[in-house]
Each structure stands twice: as structure tokens, then as C-alpha cells.
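Novice: Structure provided below as C-alpha cells; questions to follow.
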Amino acid sequence: MKKLLLGLAALALIFLVLIHKKDVPADVPLLYKQTTVNIGGNSVLAEIADTESLRQQGLGGRSSLDSGTGMLFVFSTPGKQGFWMKDMLFPIDIIWANNGEVVSIENSLSPDTYPKVFYPKSDAQYVLEIPAGYALKNGINIGSKFSIGH
């Protein structure tokens, strides 16, 4: 009886994962929580990378990123958070933010820039990676307002 119950529980878990996964692109890990980032009058649906392992994986190995989506890297304290294009397959914009505003931007970084590391002009607690060209197209600049949630 225990084996039957364990088997049914395993099948139920697999079923729930498959149901959830059908709404998520195939190359998006299910480990990331999501939030909305409001930046320069725009809303970006962002996956949250708030642990060391999630930050290390980042967008590496993904095939693309839809417009209006991104990845938000959250650090416990502000600092000069360096980013590179390791394992990236497409270009992105990198935006650093602190105290409710954008403090630095790197536009349209190519995967070919690896292993160069890019740093913000000043300390940042948050880093947002978005599709290349999104910042310029949507008027996001240094000093643009930046908030998470809502």
C-alpha cells in the first residue's frame, strides 16, 4: 500500500510540473521567481536571481529573451557588481540601479565581448539584464526611476 501511495504521489508531482511547464518557454528554468521592474516609465517582467547559484547561471545558455522581459540580479548590499557575457547566446543591455534610480548602463553587449567584465560607474544593489536595444528604444537613461514590484 505504501508503494502504491508513493507511486501516485510521484505521478501527481510529475503531472503538476508538466502543467506548470507548458506556460513557460522550454529554455526557462522553473527555479526563478518573477517580479515586475518599473524602469523609466516601462514595466519589465523579470526573473529574480537572488542567490549565488542563480546569479552565476543568469541568462547563460538561453537562446533568447522576449521584449519586455529580463532578469533581475539582487545583491544584499550595493557594490561595483561586475558582469560578463559568459555562455551568452544573444546580445543584451545591462542596467545597474541603486536607491531607486539607474546608475549605469551598458547598451547592446555582444556575447563576443566575453571575457571582458563590465562594471557600473557607481555602486548598485540591483542589475537588470534586458534584450539589446530595449533601453535606448524605451528612453531608459542614467537617472531613470527604478522600482521593483507593483
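The values are calculated or read from the model by the stated rules, or taken from the named source; none is laboratory data. This structure is a prediction, so every number in the text was calculated from the model and none was measured. Here the Cβ is made from the backbone with ideal geometry for all residues, glycine too, and neighbour counts use every protein chain on show.
Novice: Determine if region 137-144 includes at least one residue that is touching a Phe, Trp or Tyr at 6+ places or on another chain (Cβ under 8 Å) and over 15 Å from V37 (Cα atoms). I'd like the intermediate steps shown before the answer.
Specialist: To start, the set of residues in region 137-144 that are touching a Phe, Trp or Tyr at 6+ places or on another chain (Cβ under 8 Å) comprises 140.
Filter again for over 15 Å from V37 (Cα atoms), leaving none.
No, because not a single residue in region 137-144 is touching a Phe, Trp or Tyr at 6+ places or on another chain (Cβ under 8 Å) and over 15 Å from V37 (Cα atoms).
Novice: Oh, and also: Going residue by residue through region 45-64, is there one that turns out to be without any contact (Cβ under 8 Å) to a residue 60 or more places away in the chain, over 18 Å from Q125 (Cα atoms) and touching a helix residue (DSSP H, G or I) at 6+ places or on another chain (Cβ under 6 Å)?
Specialist: Scanning region 45-64, I find no residue that is without any contact (Cβ under 8 Å) to a residue 60 or more places away in the chain, over 18 Å from Q125 (Cα atoms) and touching a helix residue (DSSP H, G or I) at 6+ places or on another chain (Cβ under 6 Å), so the answer is no.
Novice: Filter region 67-99 down to the residues that are closer than 9 Å to I130 by Cα and of a type in the set (S, T, N, Q), then identify the one that is farthest from the chain's Cα centre (by Cα).
Specialist: Applying the filter and picking the extreme gives S67.
Novice: Can you tell me which residue among S108, S104, S122 is assigned to a loop (DSSP other than H, G, I, E, B), among the hydroxyl-bearing types (S, T, Y) and assigned by TED's automatic domain parsing to the domain that holds V74? Walk me through how you get there before you give the answer.
Specialist: Details: S108 fails: assigned to a loop (DSSP other than H, G, I, E, B); S104 fails: assigned to a loop (DSSP other than H, G, I, E, B).
After applying the criteria, what remains is S122.
Novice: Under the condition of being touching a residue at least 40 places away in the same chain (Cβ under 8 Å) and part of a loop (DSSP other than H, G, I, E, B), which residue from region 69-87 is surrounded by the fewest Cβ atoms within 10 Å (Cβ to Cβ)?
Specialist: Going through the qualifying residues, I end up with K80.
Novice: Could you tell me which numbered condition Q34 fails, if it satisfies all but one of (1) part of a strand (DSSP E or B); (2) touching a residue at least 24 places away in the same chain (Cβ under 8 Å); (3) surrounded by fewer than 16 Cβ atoms within 10 Å (Cβ to Cβ)?
Specialist: Every listed condition holds for Q34 apart from (2).
Novice: So which residues in region 45-68 are surrounded by fewer than 16 Cβ atoms within 10 Å (Cβ to Cβ) and assigned to a strand (DSSP E or B)?
Specialist: Result: L45, single match.
Novice: Return the residue satisfying two criteria in turn: it lies in region 108-123 and is under 12 Å from I142 (Cα atoms) and modelled with pLDDT of 95 or more, and of such residues it is surrounded by the fewest Cβ atoms within 10 Å (Cβ to Cβ).
Specialist: S122
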